[in-house]
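Asks: Let me give you the structure first, and then I'll get to my questions.
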Amino acid sequence: MTEARCNRKTDGRDFWCRLGVVITVFVLYLAGPYTAGAQSNAAASIRYDNTARTFRLEAADVSYVLGVNREGQLQSLYWGKRLQPSDPISPARPDNGSSSFDLPVNATPQEFVGWGGGLVVLPDVKITFPDGNRDLVLKYVSYSIQGLSLTITMKDISRDLTVALQYQIDGQTGIVARSARIENHTAAPLTVEQTFAATWNLPANRDYQLRYLTGRWAGEWNLQQEPLHPGKVVLESRRGSTGDEVNPWFAIERGEEPDQDTSDVWFGALGWSGSWQINIEQDWQNRVRVTGGYTPFDFAYRLAPGESLETPKFYGGFSASGVGGASRLLHRFELDTVIPQPHRLRPVLYNSWEATGFDVSEAGQEALAEKAASLGVERFVTDDGWFGERKDDHAGLGDWYVNPQKFPRGLKPLIDRVHALGMDFGLWVEPEMVNPDSDLYRKHPDWVLNFSGRPRTEGRHQLVLNLARPDVRAYVYGFLDKLLSENDIAFLKWDYNRNWSEPGWPAAPLDEQKEVYVKYVQNLYSILAELRQNHPHVEIESCSGGGARVDLGILRYMDEVWPSDNTDPFDRLTIQNGFTYAYSPGLMMAWVTDSPNWMNNRSTSLEYRFLSSMQGSLGIGANLNKWTAEDFAIGKKMVAQYKAVRETVQEGALYRLISPAGSEYAATESVARDGHEAVVFAYLHSSQEGKPFPMLYLKGLDPKAIYSLHVEDGKVADGTVERASGDYWMQQGVEVSLRGDFLAAFFVLEREGK
Ligand code: GLA
């Protein structure tokens, strides 16, 4: 890897700048499902052209180009499929607008604008200075490049307020991470009233389709799709956390027909676990601006002289291989770059929650652990109920001592037994919450979010600890550090079971109280970072009553997520399908639970439940005390089958063959990173009128290689061949033979030779 620096206040002062700086990081990527066409071995680079004043960020199959125009504005020039190295980039030219109502400042697609001058489009940053002046006009000052990172400094035309815009392009996927740092170099404090991380600009077009993910508790990850029209779509959480009502992810596809594989798709996701907002605005020119970061709702952040405010990262990517290609890029980016590294394949886990509820005990947990171990489970997790006076959800949160009635000898005997059975041990915690009925709350009623003298709204009989407070941060870190130091714990399920209410911070100075939205999340991240540093072997799952805190911010500290409390295997197909638009199956825990399932009272076979959960990272949450010998035999066989393909399922390239949304059929295929196998799952809701299951045309195979078909579960049609070329399986397809209700099939195509 070569690296160079260029850091000047003005351009063109030295030899390298006059030549244009070329910094190149060579990234060779694996041949296989992720490569996208002719550019697959091209180098990743950030180049500055001093004559045209353009910055060209390039990696994988993506070019992202911006430039400084004659007004000193930072203008978006191109974002899309990688250009040829010889392709010229015209210098940035402001758009003059078409009438006196369309001033150039609004007509010109800009990367990051302050609210000031004649701006009427959504500003990225809005500031009130202490003299009441609210005019902020940012102009380009300088840049610096380090490897695949670019920093551009903008400054107000008269005040010493600067914004450092950061860009980082990922060598393997071309995903660009953008953020901004607002710096107060004036002599007086000022208030940031709103700041986003970045604006992404898309060219004028009349047939954009927008996708985003909405949901609710036990019904997360619904994929929404609608055409973009002039006007604005706002995706937002005002809950204090990411939320499940809408996830901070979007994809915009060019073309009227939704397409998995061939269209141009721009996508993005915010790395922030607090309140957030993404605005997707199509203007009068049919151009699209996507602006995201902290929600301006109830936002204010005071910056004393010398202080700065950093925005979250807003990640953006491009795929010319449809929304399927977009997901595959995101999956790879998450696994290889976002989550803590080096990451491991997810172990098969058992969790006692659905079996025991709060009724946990040493003997009961050990009995379940023995049965789980006999299935080949690798991690045993004790869920809620092990601490404080926790008999149900009315009491105990905040009191993180081991309950002496349930575990008179502490956790050690249970942990030792779990280890002796060949598994590692995990534990449920909900560190950010407190029940009013707890010793902690009785001692520190001022530690929760609240407005003085106002009611404190409870959710699940609990209140939210104000993690922004240094004493609360110290308490939460302290008890977790002690728990992990005193017990041999390999895994924490980190839960978070309500939204904020009355988000006051009475102990803070008046003009800093709204900073709670930022400082809470910063402290959450810092606790997680410190825990990971001091307990590097501990893995953590992000759970929020299911999937209400899944985002690229929390994923920097998490190894996996719990996507939904809904474990109905049929509902899960839709939930899991939606989840994978934004997040990798390698992060997605999926448990096999009891039948009939508590959610819909639906009965399904154990095989069907396993095959539904095997689409992600397999877990078991059933009450094993009720399983028959036959159930254990099936479970053991399927756990072994899963282990044989889990690397492909968790880390391979996912192709959606049939979407479960509104269909009685569903099917997915995962192709191993090295291409040696493809794993296919197919699901039938109910046969109707004797119609056959639709033919499955496989994707992402090597057309010339020979693959042999292994049916692991379910049936394929009589007469299906056993060996054929990739072309054959992609063109002729596979006919699965499923007739009945809630049936599934699982087969593997194994490539012969290298
Ligand atoms: C949340 C989680 C569940 C379980 C319970 C325990 O609802 O999503 O999986 O851990 O809390 O109280």
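The values are calculated or read from the model by the stated rules, or taken from the named source; none is laboratory data. None of the values given here were measured: they were computed from a predicted structure. Cβ placement follows ideal geometry from the backbone for every residue including glycine, while neighbour counts extend to all protein chains displayed. Accessible surface areas use protein heavy atoms only, side chains included; no ligands, DNA or RNA. Shrake-Rupley method; radii C 1.70, N 1.55, O 1.52, S 1.80 Å.
Asks: Stretch N286-R70 to full length: gain in nm at 0.36 nm per residue minus the Cα-Cα span? Walk me through the numbers on the way to the answer.
Replies: On the way: separation 216, 0.36 × 216 = 77.76 nm, distance 2.41 nm.
So the chain would gain 75.3 nm between N286 and R70.
Asks: Computed FRET efficiency, Cβ-Cβ of D359 and D481, R0 30 Å: what is it to the nearest 0.05?
Replies: Numbers: r = 28 Å, r/R0 = 0.95.
Efficiency, from the Cβ-Cβ distance: 0.60.
Asks: Let me ask something additional. Identify, among P506, L375, F129, the residue whose Cα sits farthest towards the positive end of the charge dipole of the chain, taking +1 on the Cβ of Lys and Arg and -1 on the Cβ of Asp and Glu, with the dipole about the Cα centre.
Replies: F129
Asks: Out of residues 5 or more away from G116 or on other chains, whose amide H comes under 5 Å of its own, with H placed 1.01 Å from N in the peptide plane?
Replies: Excluding prolines and chain starts, which carry no amide H, the hits are L136.
Asks: So, one more: Keeping every protein chain present and rolling a 1.4 Å probe, give me the accessible area per residue for region 595-754 in Å². Working shown, then result.
Replies: Numbers: 6830 Å² over 160 residues.
Computed with neighbouring chains in place, this is 43 Å² per residue.
Asks: Can you classify the chain as rounded, prolate or oblate using the Cα gyration tensor, where a ≥ b ≥ c are the square roots of its eigenvalues, rounded means a/c under 1.5, and otherwise it's prolate if a/b beats b/c and oblate if not?
Replies: Details: a/c = 1.98, a/b = 1.22, b/c = 1.63.
It comes out oblate by the Cα gyration axes.
Asks: Would you calculate the separation in nanometres between label points at H394 and E750, each defined as 7 Å from the Cα along the Cα-to-beta-carbon direction?
Replies: For H394 paired with E750, the spin-label model returns 5.8 nm.
Asks: Another question about this same structure. Counting pairwise Cα distances across region 608-754, what percent come out greater than 21 angstrom?
Replies: Numbers: 4707 of 10731 pairs.
So the portion of pairs separated by more than 21 Å is 44 percent.
Asks: How much of the calculated P(r) for region 350-450 lies past 20 Å, in percent of all Cα pairs?
Replies: Details: 1984 of 5050 pairs.
Tail of the P(r) past 20 Å holds 39 percent of the pairs.
Asks: Starting from a Cα-only point model with no solvent, please compute log10 I(q)/I(0) by Debye for region 473-601 at q = 0.16, 0.18, 0.21, 0.23 1/Å.
Replies: -0.94, -1.07, -1.24, -1.34
Asks: When the helix-only estimate is applied to the chain (DSSP H runs of n ≥ 4, each -39,500 (n - 2.57), divided by the residue count), what is the mean residue ellipticity at 222 nm, nearest 500 deg cm²/dmol? Can you show the working numbers first?
Replies: On the way: 13 runs with 140 residues, N = 754.
Here the helix-only value at 222 nm equals -5500 deg cm²/dmol.
Asks: To continue, here is another question. Pop the C-beta distance of F451 and S149 into the FRET formula with R0 = 60 Å and round what comes out to the nearest 0.05. Walk me through the numbers on the way to the answer.
Replies: Numbers: r = 41 Å, r/R0 = 0.69.
After rounding, the FRET efficiency stands at 0.90.
Asks: Based on Cα coordinates alone, diagonalise the gyration tensor for region 169-256, multiply each eigenvalue by 5, take square roots, and list the semi-axes in whole Å, largest first. Show your work: numbers first, answer last.
Replies: Details: eigenvalues 165, 82, 46 Å².
The answer is 29, 20, 15 Å, longest axis first.
Asks: Using alpha carbon centroids, what distance separates region 144-168 and region 518-537, in Å?
Replies: Result: 27 Å between the Cα centres.
Asks: Rounded to the nearest 0.05, what FRET efficiency do S526 and N205 have when you use their Cβ-Cβ distance and R0 = 56 Å?
Replies: Values: r = 42 Å, r/R0 = 0.75.
The pair S526/N205 has a calculated efficiency of 0.85.
Asks: In square nanometres and to one decimal, what's the mean projected area of the convex hull around the Cα atoms of region 262-411? Don't jump to the answer; show the numbers that get you there.
Replies: On the way: hull surface 66.6 nm².
With the hull built on Cα positions only, its mean projection is 16.7 nm².
Asks: Spin-label point model (7 Å from Cα, Cβ direction): what's the S708 to S100 distance in nm?
Replies: 8.0 nm
Asks: For A304 paired with D261, estimate the spin-label separation in nm (one decimal), with each label point 7 Å from Cα along the Cα-to-Cβ line.
Replies: 6.0 nm
Asks: When DSSP assigns beta bridges and you keep just the ones with both residues in region 230-388, what percent turn out antiparallel, to the nearest 5? List each step's numbers first, then the result.
Replies: Details: 25 of 28 bridges.
Rounded to the nearest five, the antiparallel share is 90 percent.
Asks: Here is a follow-up. Of the peptides 453-460, 150-157, how do they stack up when ordered by the mean number of other Cβ atoms within 10 Å, highest first?
Replies: Details: 453-460: 11.9, 150-157: 19.8.
My ranking of the peptides, most packed first, is 150-157, 453-460.
Asks: With the contact rule set at Cα under 8 Å and sequence spacing of 6 or more, what percent relative contact order holds for region 484-582?
Replies: Computed value for region 484-582: 28 percent relative contact order.
Asks: A follow-up question, please. In whole percent, how big is the carbon plus sulfur part of the accessible area of region 683-754, probe 1.4 Å, protein atoms only?
Replies: 46 percent
Asks: Sorted by average packing, counted as other Cβ atoms within 10 angstrom per residue and highest first, what order do 344-357, 687-700 take?
Replies: The peptides rank, most packed first, as 344-357, 687-700.
Asks: May I pose another question? Compute log10 of I(q)/I(0) for region 428-479 with the Debye formula, placing one identical point scatterer on every Cα and leaving out solvent, at q = 0.21 Å⁻¹, to two decimals.
Replies: One equal scatterer on each Cα of region 428-479 leads to -0.75.
Asks: Give me the number: length gained by fully extending R93 to Q688, i.e. 0.36 nm times residue separation minus the C-alpha to C-alpha distance, one decimal in nm. Please list the in-between numbers first.
Replies: Details: separation 595, 0.36 × 595 = 214.20 nm, distance 6.00 nm.
Difference between extended and current length: 208.2 nm.
Asks: Treat every Asp and Glu Cβ in the chain as -1 and every Lys and Arg Cβ as +1, leave all other atoms uncharged, and give the resulting dipole magnitude about the Cα centre to the nearest 20 debye. Intermediate results must be reported in sequence, preceding the final value.
Replies: Working: 75 positive and 97 negative charges, 331 e Å.
Value, rounded to 20: 1580 debye.
Asks: Further question: Provide the packing ranking of 251-264, 306-319, 580-593, i.e. peptides ordered by the mean count of other C-beta atoms within 10 Å per residue, highest first.
Replies: Numbers: 251-264: 17.3, 306-319: 22.1, 580-593: 25.2.
Listed from highest to lowest mean packing, they are 580-593, 306-319, 251-264.
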